[in-house]
Amino acid sequence: MRGVAIIKDEKGLHFAHDAKKVSHRNVWKTYMYNKTTTTVSMLMAFSEYLSRCDISSNQIIKKAGMDPSVFKNPDNRITADELNRFITCARQMTNDEFLGLHLGSGFNSGGTGVVGYMMMNCATLGEAFTMYCKYQELPGDIVRIRFAKKEKYVRFHWEYNPSELLHPSTIMEMMMSAVMICSRDLCGRNLPLREAHFSYPRPKDLTEYRKFFNCDMKFDEPETALIYGREFYDTPVKSPNRELLSLMEGYAEEYLKSYRKNDTLSERVQKIIRVYHGTIPKIEMIASELGMSVRKLQLMLKEEGVSFRGLRENVQQELALEYLRGGRYSIAEISNMLGFSEPCSFNKSFKRWTGSAPGNFRNK
């Protein structure tokens, strides 16, 4: 794991991945606010497996036609399109049917930057993953993780915009295995899974899945999810440091504000709506995500001259066009994914947006 340093100067708190380079590292960057992105360091956190295959990340970057200079700074960010190209080339070069599982098995939590180091200094796994969910925009928001504590179990699941990912099963399995490895590293032992759910069909060969997950597995589920026993939440982290956690959280708050500074509230709301896989969230869910009441959210959107209903419809229209152009989903599936009670309601709305029926639009 790389060295870490937090420095404070006239610009505020700074987090440096390599303590030896603090004096000449500029960790503040201008990001692509209008797109979902992930950090270079987050992607490189999965590169250990590629090294074991005698494939360097540079080889994949070159084959994918990506700018090598972007990867020189771990705080730089790449788009979903660039992530797709990277994964596509990695699949081709490794010829690995289970690439997602194997990439995740080499995950290094330090690759999540300040959020990973915050997790290492939490008291329990429950606190650590709650912290990750709160600040997950920093390492990346192409895929969003949800973490919930129930009476008898805890549950992870992932949400993303289906039109953004070319290889969702690879990405999902990468994220699932990363959570398992990260949990083990944080507490120092393997924790047994109760269930693993997959939002895609059952593969012909389950040997690798059984070896990796060692639990009850369900396919063709509404969401990709991991389910642990309730004890997971209270499992202690190995060596927490509350003082360091407090310092890092102060930095993370400033970093998050910096990341969002060019986003209006309406842009943030639309970005969150887009990553809810297979559903259009209600305003209560968005308000909770933003850490405010529904009333406050409504008033702040009104100040920007918009409404939640209007923003939701904007996203529905954008996603409808993306899904129809992509050709991966039937009109009935798209209708359901966009939150319409039945296809005829979707047809009526789509015709109002575009002047054309969904079927006619797809056939053009």
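Structural remarks
- Scanning segment 198-216 for residues that are touching a helix residue (DSSP H, G or I) at 6+ places or on another chain (Cβ under 8 Å), assigned to a loop (DSSP other than H, G, I, E, B) and farther than 19 Å from Val143 by Cβ turns up just one, Pro203.
- Test for Glu303: is it surrounded by 16 or more Cβ atoms within 10 Å (Cβ to Cβ), of a type outside the set (Val, Ile, Thr), over 19 Å from Asn360 (Cβ atoms) and out of contact with any helix residue (DSSP H, G or I) (no Cβ under 7 Å at 6 or more places or on another chain): no
- Filtered residues of segment 232-260 (kept if free of Cβ contacts under 8 Å to residues at least 12 places away in the same chain and of a type outside the set (S, T, N, Q)): Glu243, Glu253, Lys257
- Per the listing Tyr255, Tyr276, the residue uniquely out of contact with any Ser or Thr (no Cβ under 9 Å at 6 or more places or on another chain) and assigned to a helix (DSSP H, G or I) is Tyr255.
- The residue that is nearest to Val179 (Cα to Cα), counting only those in segment 56-90 that are under 17 Å from the mean Cα position of the chain (by Cα) and surrounded by fewer than 16 Cβ atoms within 10 Å (Cβ to Cβ), is Thr79.
- Residue satisfying all of: in segment 257-308; more than 19 Å from the chain's Cα centre (by Cα) and of a type in the set (D, E, K, R); modelled with the lowest pLDDT among these: Lys261
- For segment 190-223, the set of residues classified as charged (D, E, K, R) and in contact with a Leu (Cβ under 8 Å, 6 or more places away or on another chain) consists of Glu195, Glu208, listed by residue number.
- Selection of segment 56-68 for residues being in a helix (DSSP H, G or I) and either modelled with pLDDT under 90 or outside the structural domain of Leu43 (by TED's automatic domain parsing) (or both) yields Ser57, Asn58, Pro68.
- Candidates are the residues of segment 217-252 that are outside any helix (DSSP H, G or I) and of a type in the set (Gly, Ala, Ser); the one that is farthest from Arg77 (Cα to Cα) is Gly229.
- Residue that is surrounded by the fewest Cβ atoms within 10 Å (Cβ to Cβ) [pool: residues in segment 91-144 that are at positive phi and assigned to a loop (DSSP other than H, G, I, E, B)]: Asn95
- Test: residue in segment 159-176 that is surrounded by fewer than 22 Cβ atoms within 10 Å (Cβ to Cβ) and over 24 Å from Tyr276 (Cα atoms): no
- Applying the condition of being surrounded by fewer than 16 Cβ atoms within 10 Å (Cβ to Cβ) and at pLDDT below 90 to segment 333-347 and asking which residue is nearest to the chain's Cα centre (by Cα) yields Glu333.
- Listing of helices (runs of 4 or more DSSP H) fully contained in segment 291-364 that carry 2 or more residues being among the basic types (Lys, Arg): 294-303, 308-326, 343-354
- Segment 214-232, residues that are crowded, with 19+ Cβ neighbours inside 10 Å and under 21 Å from the mean Cα position of the chain (by Cα): Thr224, Ala225, Leu226, Ile227, Tyr228
- Flag not set for Gly305, criterion: within 21 Å of Lys271 (Cα to Cα) and touching a Ser or Thr at 6+ places or on another chain (Cβ under 6 Å).
- With respect to the conditions (1) touching a Gly at 6+ places or on another chain (Cβ under 6 Å); (2) in contact (Cβ under 8 Å) with a residue 60 or more places away in the chain, Ile280 falls short on a single one, namely (2).
Okay, residues lined up against (1) modelled with pLDDT of 95 or more; (2) more than 21 Å from Ser239 (Cβ to Cβ); (3) not polar (S, T, N, Q):
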{"position": "Phe71", "(1), (2), (3)": "no, yes, yes"}
{"position": "Asn76", "(1), (2), (3)": "no, yes, no"}
{"position": "Asn108", "(1), (2), (3)": "no, no, no"}
{"position": "Thr112", "(1), (2), (3)": "no, no, no"}
{"position": "Met131", "(1), (2), (3)": "no, no, yes"}
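- Number of the condition not met by Lys20 [criteria: (1) touching a helix residue (DSSP H, G or I) at 6+ places or on another chain (Cβ under 6 Å); (2) at pLDDT below 50; (3) surrounded by fewer than 17 Cβ atoms within 10 Å (Cβ to Cβ)]: (1)
- Scanning segment 193-223 for residues that are at pLDDT below 95 and closer than 22 Å to Glu151 by Cα yields Glu221, Pro222, Glu223.
- Conditions (1) outside any helix (DSSP H, G or I); (2) of a type in the set (A, V, I, L, M, F, W, C); (3) touching a Cys at 6+ places or on another chain (Cβ under 9 Å): number failed by Val154: (3)
- Test for Glu195: is it surrounded by fewer than 15 Cβ atoms within 10 Å (Cβ to Cβ), of a type outside the set (S, T, N, Q) and outside any loop (DSSP other than H, G, I, E, B): no
The values are calculated or read from the model by the stated rules, or taken from the named source; none is laboratory data. Since this is a predicted model, take the numbers as computed values, not measurements. Here the Cβ is made from the backbone with ideal geometry for all residues, glycine too, and neighbour counts use every protein chain on show.
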